[in-house]
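Written out below as structure tokens is the structure these notes cover.
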Amino acid sequence: MITHLKFAGLPCKDQDLQLKFWTEKMGFRVTTDQPMGAQRWIELSIGGSPTGLVLFTPEGHEDRVGTFFNGSFACDDVEATYRQLSARGVEFRGPPEKQPWGTFAMFKDPEGNEFVLSSR
């Protein structure tokens, strides 16, 4: 049976720019960086999570760069994480918002992809 999601893909135009953002600002770690056709296959680990992030754009998916990432990054404390990432230069739409289902904040990567950061 399925045990977990191995990785989620993030389409990007500039893999080096994205790699720098996700490792230096977001604190992810490179687990694989190898040639794959005209691009590289770059897998990043996210803390202790079994799910990773892949910086790779499949052919025909170039129009997805700079759009909304249909998923959410979880953290224990959105307000604290927002402060830490803002201090590192991560661009947020605004401060965290509290909702009945939890607290969230929206951030962008250098290519305009938008992400949700939410409490567990």
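Scanning region 86-115 for residues that are of a type in the set (Gly, Ala, Ser), touching a helix residue (DSSP H, G or I) at 6+ places or on another chain (Cβ under 7 Å) and farther than 13 Å from SER72 by Cβ yields a single hit, GLY89.
Of everything in region 71-83 that's in contact with a Pro (Cβ under 8 Å, 6 or more places away or on another chain) and without any contact (Cβ under 8 Å) to a residue 40 or more places away in the chain, which residue is surrounded by the most Cβ atoms within 10 Å (Cβ to Cβ)?
The selected residue is TYR82.
Applying the criterion of at least 1 residues that are surrounded by 14 or more Cβ atoms within 10 Å (Cβ to Cβ) and in contact with a Gly (Cβ under 6 Å, 6 or more places away or on another chain) to the strands (runs of 3 or more DSSP E) found wholly in region 29-70 leaves 39-45, 52-55.
Scanning region 71-83 for residues that are under 14 Å from SER119 (Cα atoms), in a helix (DSSP H, G or I) and not small (Gly, Ala, Ser) yields VAL78, GLU79, THR81, TYR82. If the condition is being in contact with a strand residue (DSSP E or B) (Cβ under 6 Å, 6 or more places away or on another chain), free of Cβ contacts under 8 Å to residues at least 24 places away in the same chain and assigned to a loop (DSSP other than H, G, I, E, B), then region 84-120 contributes ARG93, PRO96.
Checked against (1) among the β-branched types (Val, Ile, Thr); (2) out of contact with any Asp or Glu (no Cβ under 6 Å at 6 or more places or on another chain); (3) under 26 Å from ALA87 (Cβ atoms), THR67 passes all but condition (3). Within region 28-45, none of the residues are closer than 22 Å to ALA105 by Cα and in contact (Cβ under 8 Å) with a residue 40 or more places away in the chain.
The numbers here are math on the coordinates, done by the rules we state, and not lab data. Because the structure is predicted, anything quoted here is derived from the model rather than measured. Neighbour counts run over all protein chains shown; Cβ positions are idealised from the backbone, glycine included.
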